[in-house]
1. Filter segment 107-143 for residues that are in contact with a helix residue (DSSP H, G or I) (Cβ under 7 Å, 6 or more places away or on another chain) and without any contact (Cβ under 8 Å) to a residue 12 or more places away in the chain; which is nearest to residue 257 (Cα to Cα)?
2. Select, from 93, 77, the only residue that is closer than 30 Å to residue 178 by Cβ, of a type outside the set (Gly, Ala, Ser), touching a residue at least 24 places away in the same chain (Cβ under 8 Å) and buried (at least 16 other Cβ atoms within 10 Å of the Cβ).
3. I'd like to verify a number: residues in segment 26-57 that are exposed (fewer than 10 other Cβ atoms within 10 Å of the Cβ) and at pLDDT below 75, how many?
4. Quick one: would you say residue 221 is aliphatic (A, V, I, L, M) and either touching a Gly at 6+ places or on another chain (Cβ under 8 Å) or in contact (Cβ under 8 Å) with a residue 40 or more places away in the chain (or both)?
5. Give just the number: which of (1) in a helix (DSSP H, G or I); (2) at pLDDT below 90 does residue 218 not satisfy?
6. Would you point out the residue of segment 249-262, among those that are within 30 Å of residue 301 (Cα to Cα) and surrounded by fewer than 21 Cβ atoms within 10 Å (Cβ to Cβ), that is modelled with the highest pLDDT?
7. Quick one: count up the residues across segment 271-309 that are aromatic (Phe, Trp, Tyr) and modelled with pLDDT under 85.
8. For residue 95, work out the one condition from (1) over 30 Å from residue 194 (Cα atoms); (2) assigned to a helix (DSSP H, G or I) it doesn't fulfil.
Amino acid sequence: MTDQTQSISSVAPAAKARAKSPFSLSRLPDAVTGWLLSLPLALVLFFFLVLPIAMIVVVSFWGATEFSIYPAFQFDNYEFLLTSPVTYQVFFNTVKYALITWAITLVIGFTVAYFLAFHVRTLTWQIILFLLCTIPFWTSNIIRMISWIPFLGRNGIANSTLISMGVIDEPLEWLLFSDFSVILAFVHLYTLFMVVPIFNTMMRIDRSLIEAAYDNGASGLQTLTNVIIPLTKPGIMIGSIFVVTLVMGDFITVRFMSGSQKANVGRLISNDIALLQYPSAAATAVILLITVLLVISILLRYVDIRKEL
């Protein structure tokens with residue numbers, strides 16, 4: 001009894017001190033406490049996301065000469081971009097690469113995720129096969145891109161094999177330094193960004209729903225289209241956002257795999273920066289950012305991914 005009294009008497013002053021402390025979060029309203037807890041992350045996002053974007057927007061209205069840039073508020077950069085046919089051609093190429101890559105990665109990513117989630121029974125094999133999908137990410141993007149050049153070249157492995165098999169009589173020129181090679185590299189680089197969210201969503205599907213569909217006479221295709229795909233929409237949307245934004249912002253892949261014969265918006269920005277035309281590059285970046293945000297807003301209209309996150 002004496003020990004309990006001593007312990008209570010030792011804890012009571014500390015509790016009173018905490019209660020009297022002006023810095024105790026428990027004395028603040030819940031709304032104020034939430035804002036204080038989110039303040040560090042808000043500061044990080046402000047200094048490393050909002051502030052750089054705001055600086056890019058400001059610089060996009062500046063002027064530039066061959067040797068310098070000067071602060072101003074003018075629409076010359078946007079007027080030049082929006083009236084130039086080159087800009088529309090470059091944006092068309094960017095959207096084309098994004099859509100084709102998205103479609104191919106969606107088919108491959110959904111197939112791989114479906115196989116891992118529903119046809120691999122043990123968790124150990126799921127982990128092993130999933131790790132095999134991540135092996136290409138153990139090397140840099142540039143090395144993975146360059147590895148396609150000796151394979152797709154005029155005298156590369158692909159053409160040599162096809163000629164030796166008698167499928168073709170002369171090398172195929174369009175295998176390398178073309179839209180085909182660019183899209184192939186994009187698919188190689190970004191398919192995993194589609195596999196991961198779809199697989200994560202499929203693993204959360206209640207297997208009793210699939211069994212109930214089969215019990216009610218649904219075929220495999222009906223179960224896929226009416227049960228699995230609707231429940232996998234959040235993962236599909238997350239993967240789509242990853243792939244589309246990465247492809248639209250990429251520039252090094254187009255440069256290497258097209259032999260500098262093709263261009264996208266990322267390459268346009270890179271070229272302006274190399275020529276020290278920062279206001280023009282900033283204006284192009286702002287237009288690209290608006291385009292990406294519009295694409296994301298369209299994707300978010302089909303599914304609420306906040307439930308998935």
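The values are calculated or read from the model by the stated rules, or taken from the named source; none is laboratory data. Just so we're clear, the structure is a prediction, and the values are computed from it rather than from any experiment. Here the Cβ is made from the backbone with ideal geometry for all residues, glycine too, and neighbour counts use every protein chain on show.
1. 126
2. Details: 77 fails: closer than 30 Å to residue 178 by Cβ.
Of 93, 77, the one residue that is closer than 30 Å to residue 178 by Cβ, of a type outside the set (Gly, Ala, Ser), touching a residue at least 24 places away in the same chain (Cβ under 8 Å) and buried (at least 16 other Cβ atoms within 10 Å of the Cβ) is 93.
3. Summing the residues that are exposed (fewer than 10 other Cβ atoms within 10 Å of the Cβ) and at pLDDT below 75 in segment 26-57 gives 4.
4. no
5. Result: residue 218 passes all but (1).
6. Applying the filter and picking the extreme gives 249.
7. Counting residues in segment 271-309 that are aromatic (Phe, Trp, Tyr) and modelled with pLDDT under 85 gives 1.
8. (1)
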